[in-house]
Amino acid sequence: MNLKNKTAVIIGATGGIGSEVAKSLDKEGADLILISKTLDKLSNLNNLLGKKHETHALDLTNQKKVEEYAKSFSKKIDLFVNCAGIGVYKQIEEISLDEWNDTFNIGLTSTFLIIREIIKNKLYAENALFVNIGSGMGVIPSAGRSLYCASKFALRGFALSLAEEFKRVGNPKFCLITLGSTLTEFGPMTLEEKKKDMESGKAYFTPEWVGNKLMEIIKDDNREVEYVLYPSDYGFGDRNTP
Ligand SMILES: NC(=O)c1ccc[n+]([C@@H]2O[C@H](COP(=O)([O-])OP(=O)(O)OC[C@H]3O[C@@H](n4cnc5c(N)ncnc54)[C@H](OP(=O)(O)O)[C@@H]3O)[C@@H](O)[C@H]2O)c1
């Protein structure tokens, strides 16, 4: 896909991974619609990119607002990238219903609502692409992460099933990135703690590396439906590593 003057929606655009995707797409000349929760972070990102993109502060836990936004959508899009998510890593007895609902609403239901309206209203261009950032936790069961795993297993099922649903017509296309640990603020550990962890031997991707890799995948017209990118060997025998 040549990205020059193409319209790309990024949800979770201000995150460690989302902001790298936004910077890379901006460099390629795409017109961006940047969505995340925090207005200040969105403004900072847009300022960094020369204030030329659309921004929307939208709390993805509020499904009424997300549905309203999705229904108000009127531009034809070439690319949609879902980089939104929260990482609640807790034992089952500690997980609240709000944490459960927020995890699913941010990481999956919002994407469903937005993609559904885009498809229903045929607001996708020829060769349009929907990319979801999944996780090793969407494939590997993990103690202490049942909520996060449940949401990523579900996202994987959703994304790969949509790829099947549109395989015959060939447009739009879907791509799932099954990603391993990346050096961002995501989840309960701080960036500093992750850097220390790295010094002790744990492998992480940098968000810049992930941004570049995603660009390579998005631009490749012969891309696969799923890419598994792990910074180290996530053996199934060692279920807590990712
Ligand atoms: N980092 C990893 O190790 C890793 C590994 C595998 C997969 N992933 C997946 O990659 C994706 C991006 O992760 P990341 O590392 O970039 O995380 P991050 O830096 O924490 O970014 C998360 C993004 O989600 C947005 N978000 C969170 N709650 C929201 C809400 N209520 N409404 C709207 N937006 C909300 C944040 O917006 P604000 O900035 O406005 O809060 C931010 O843009 C996630 O789906 C994650 O599961 C991450």
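The values are calculated or read from the model by the stated rules, or taken from the named source; none is laboratory data. Because the structure is predicted, anything quoted here is derived from the model rather than measured. Reconstructed Cβ throughout: ideal geometry from the backbone, glycine too, with neighbour counts over all protein chains shown.
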Restricting to the range 1-34, name every residue that is closer than 18 Å to Phe186 by Cα and either free of Cβ contacts under 8 Å to residues at least 40 places away in the same chain or hydroxyl-bearing (Ser, Thr, Tyr) (or both).
Thr14, Ser19, Ala22
Index of the failed condition, Asp98 passing every other in (1) assigned to a helix (DSSP H, G or I); (2) touching a His at 6+ places or on another chain (Cβ under 7 Å)
(2)
Taking the range 126-144 on its own, how many of its residues are farther than 17 Å from Thr178 by Cβ and either of a type in the set (D, E, K, R) or surrounded by 17 or more Cβ atoms within 10 Å (Cβ to Cβ) (or both)?
2
Return the residue satisfying two criteria in turn: it lies in the range 151-191 and is free of Cβ contacts under 8 Å to residues at least 24 places away in the same chain, over 24 Å from Glu20 (Cβ atoms) and part of a helix (DSSP H, G or I), and of such residues it is nearest to the ligand (Cβ to nearest atom).
Phe153
If you check Glu208 against the conditions, is it part of a helix (DSSP H, G or I), under 30 Å from Thr7 (Cβ atoms) and either modelled with pLDDT under 95 or within 20 Å of the chain's Cα centre (by Cα) (or both)?
yes
Being under 18 Å from the mean Cα position of the chain (by Cα) and of a type in the set (A, V, I, L, M) is the filter here; which residues of the range 167-193 pass it?
Leu176, Ile177, Leu179, Leu183
Scan the range 151-159 and tell me whether some residue there is over 19 Å from Phe104 (Cα atoms) and either of a type in the set (Asp, Glu) or surrounded by 18 or more Cβ atoms within 10 Å (Cβ to Cβ) (or both).
no
Picking from Ser36, Ser96, Ser43, Ser72, the residue that is polar (S, T, N, Q) and under 20 Å from Ile177 (Cβ atoms) would be Ser36
For the range 163-202, enumerate the residues that are of a type in the set (Gly, Ala, Ser) and surrounded by 15 or more Cβ atoms within 10 Å (Cβ to Cβ).
Ala163, Gly180, Ser181, Gly187
Look at the range 113-122 and say how many of its residues are surrounded by fewer than 17 Cβ atoms within 10 Å (Cβ to Cβ) and either of a type in the set (A, V, I, L, M, F, W, C) or within 12 Å of the ligand (Cβ to nearest atom) (or both).
1
